[in-house]
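The values are calculated or read from the model by the stated rules, or taken from the named source; none is laboratory data. Remember, predicted model here, so these are calculated numbers, not experimental data. Neighbour counts run over all protein chains shown; Cβ positions are idealised from the backbone, glycine included. For accessibility, only protein heavy atoms count, side chains too; no ligands or nucleic acids. Shrake-Rupley method; radii C 1.70, N 1.55, O 1.52, S 1.80 Å.
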Amino acid sequence: MGQNQMDMSGKDISELIDTGDKLLELLEEMSASNEHEYRKNRNIFISEYGKWYTKCLPLIRSMVPDKATRFESLYHTNKRSGMNEYTYTVQDYIHGIYFKDKPKSYTDTIISKRIKEQKAILQASVARASDFSFEMESFVKINPLNGLDSAAITKQNKLIDIDFFDDHYNSIRAEINTCFKHNFYMASLLISKKLIQSLLVDLIRSNFPLASEGHRSLYYDYLNKSFRETGELLKSISQKKNEFDVNPEAIDYMVKLVSSMEPELKPESHSLGALPKKKDIEELRIEEAMELIVEIINFIKK
């Protein structure tokens, strides 16, 4: 069992940050040509990471519960159709699973990205912890309620916490989160779907930038003078997945994530579908889908 957040001193928390830096340094040294040194560093990493993760998780669950699931999924996940650069976890690395036909340094770089993201989540928890005492005192003065779960106090009520590459998308993100915070779940879901549709258009544009080659019809309907709907975009992307400059398995995984947001409707049902509950929207993994699309776009642009 890891330490409870309330039992951790400032020194303990500071040491977690330092350990995260040391783990990243170890990964940077993995590229040494000496196989003996490589195994030595890898063994140290595995040992230290296990202890670090066990101590970090309770703190993150307590301080930023909305990020805890993401922190855990970077370590291990049972929710994937296949393994690729985007679904690869730290646990895969610990188990000795490497990508075929790629140097070990390629896999080490992927793991560095996972640790950097976990460390960023940890730092958000630390910032939250430093303000925790003040916020608790203020909350009790304003809201004299008994038996309130601490997670309810710290929950940020954000559906999406991504810094997009487009300021317009960041404005839409703010509107989605406002709707979600005020329990307008249908509105937050519909706007999220439109944002995903736009991201899919950007994905196709990024990989097929030359309009002269007829690629524009993959995302634009000239007859109706409008962008294609999400289902059509996913179909185009699936058909062209081997032409994208990424692992086709990453495309398959992304298509599966987005497709799950479009349940089949019966002819007699409302065209908008049933009013969703908060739990229904959270289970759709909207943020994960958006993050993956953005990550693929960034990968293509490099």
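The table that follows gives values for the structure above.
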read-out	value
Boolean, Met254 is within 18 Å of Leu159 (Cβ to Cβ), among the hydrophobic types (A, V, I, L, M, F, W, C) and at pLDDT 85 or above	no
Evaluation of Phe180 against (1) open to solvent by 50 Å² or more (accessible area, probe 1.4 Å); (2) assigned to a helix (DSSP H, G or I); (3) touching a residue at least 12 places away in the same chain (Cβ under 8 Å) (one fails), failing number	(1)
Unique match (being surrounded by fewer than 18 Cβ atoms within 10 Å (Cβ to Cβ), modelled with pLDDT under 90 and in a helix (DSSP H, G or I)) among Arg205, Arg216	Arg216
Residue in segment 93-122 that is farthest from Asn247 (Cα to Cα), counting only those that are assigned to a helix (DSSP H, G or I) and open to solvent by 80 Å² or more (accessible area, probe 1.4 Å)	Lys116
Hits in segment 163-178 - residues which are more than 19 Å from Glu295 (Cα to Cα) and among the acidic types (Asp, Glu)	Glu175
Criterion (at negative phi and open to solvent by less than 50 Å² (accessible area, probe 1.4 Å)) met by exactly one of Asp221, Asp245, Asp252	Asp221
Test: residue in segment 74-88 that is assigned to a helix (DSSP H, G or I), open to solvent by 10 Å² or more (accessible area, probe 1.4 Å) and modelled with pLDDT of 90 or more	yes
Residue satisfying condition, being more than 20 Å from Asp21 (Cα to Cα), touching a residue at least 40 places away in the same chain (Cβ under 8 Å) and among the small types (Gly, Ala, Ser), within set Ser112, Ser62, Ser105	Ser62
Test result for Lys55, open to solvent by 80 Å² or more (accessible area, probe 1.4 Å), in contact (Cβ under 8 Å) with a residue 12 or more places away in the chain, assigned to a helix (DSSP H, G or I) and of a type outside the set (Val, Ile, Thr)	yes
Subset of segment 1-36 (residues that are of a type in the set (S, T, N, Q), at pLDDT below 80 and touching a helix residue (DSSP H, G or I) at 6+ places or on another chain (Cβ under 7 Å))	Gln3, Asn4, Gln5, Ser31
